[in-house]
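To start, the structure itself, in structure tokens.
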Amino acid sequence: MKNAVLLVSGICLMGCGTSMKLAVPDKFKEQATMQHVEGARGNRMSFANFTTSKIKRGVHVSYPGWGRPFIWENLLLNQAGISKSETVENEKAKFRYAITDGRNTVQVFAHERQMTRKHDYEATEHWGILGGFEVLQEHRYIFSALISVDTTQDSKNWELVMTNLYDREATNDKNPFAFIKQEDEGMATNGIDTIHIKPLSIKKTELSNGKTGQFPFKMMSGYELSTADGVIAIIDLIDRNIWFYNELSPAEKLNVSAITTALFARKVHDTKW
């Protein structure tokens, strides 16, 4: 893969009234081209010379359930007017589609799996607004996709994996207010080349009057795709755009486009703004 821009930094969130915009650094803009992804939230996408087939989806399943009953702990907690229980929520989905640049086509086969486990504490007596709360114990999100080329292409299949993992016990996290972060990250590889996918989380804002402010928490805004040589693409989740580094070959752009559309097509980890 040709040398790419070595660094994308200083990304901020611009605001005009209630309108938010991802500001891509000028250094990268000078060596990249932006394309708007039409249909990024639907079942068919297109941008530049790239088009997808209709996205065929399997059954999207979500099934909450109960975990451990905490019988012995509740014998003590009930005396203080508290009841403890565990809930486990599972969700999974899959989809497939094809994407073409007008010359070559690749097939994308994707799966999403998510599990969230929480401990719920409820008052057995009326405590007003303090009647109950929940504590996150574990969260596992895994997204995998196979990007398959046909036998006529001089290229290899790619595998894409994105994860977002949290385990209170494994990390010995004492913070009872931990929450599920949206910043998943991952990589794509064909066994030889690797593309690293890093989330872009924004906290600073700039309004139309020129003043700057900060959100009380970071906001997921996009992804940065890079190789050992540098950044090759930026995915803008806010305006549904993709910035391609200009020196990418047609085959590399097709692979990046397959990764981008796969990330936009997810339903379990929804990238809506």
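Determine, yes or no, whether residue 95 is under 20 Å from the mean Cα position of the chain (by Cα) and touching a residue at least 12 places away in the same chain (Cβ under 8 Å).
Details: under 20 Å from the mean Cα position of the chain (by Cα): yes; touching a residue at least 12 places away in the same chain (Cβ under 8 Å): yes.
Considered against the rule, which asks whether it is under 20 Å from the mean Cα position of the chain (by Cα) and touching a residue at least 12 places away in the same chain (Cβ under 8 Å), residue 95 comes out as yes.
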Next on the checklist: Within the stretch 118-135, does at least one residue satisfy the condition of being of a type outside the set (Val, Ile, Thr), under 29 Å from residue 196 (Cβ atoms) and either at pLDDT 85 or above or outside any strand (DSSP E or B) (or both)?
Outcome noted: no
Checklist entry - Of the residues that sit in the stretch 163-187 and are more than 30 Å from residue 252 (Cβ to Cβ) and aliphatic (A, V, I, L, M), which one is least open to solvent (accessible area, probe 1.4 Å)? => result 178
Next on the checklist: I need the strands (runs of 3 or more DSSP E) fully contained in the stretch 22-116, keeping only those with at least 3 residues that are open to solvent by 90 Å² or more (accessible area, probe 1.4 Å).
Outcome noted: 61-66, 82-100
Checklist entry - Does residue 160 satisfy the condition of being touching a strand residue (DSSP E or B) at 6+ places or on another chain (Cβ under 6 Å), open to solvent by 60 Å² or more (accessible area, probe 1.4 Å) and either modelled with pLDDT of 90 or more or within 20 Å of residue 225 (Cβ to Cβ) (or both)? => result no
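The values are calculated or read from the model by the stated rules, or taken from the named source; none is laboratory data. Small disclaimer: the values here were computed from a predicted structure and weren't measured. With ideal geometry, Cβ positions are generated from the backbone for all residues, glycine too; neighbour counts draw on all protein chains shown. These accessible areas exclude ligands, DNA and RNA; they are computed on the full protein's heavy atoms, side chains included. Shrake-Rupley method; radii C 1.70, N 1.55, O 1.52, S 1.80 Å.
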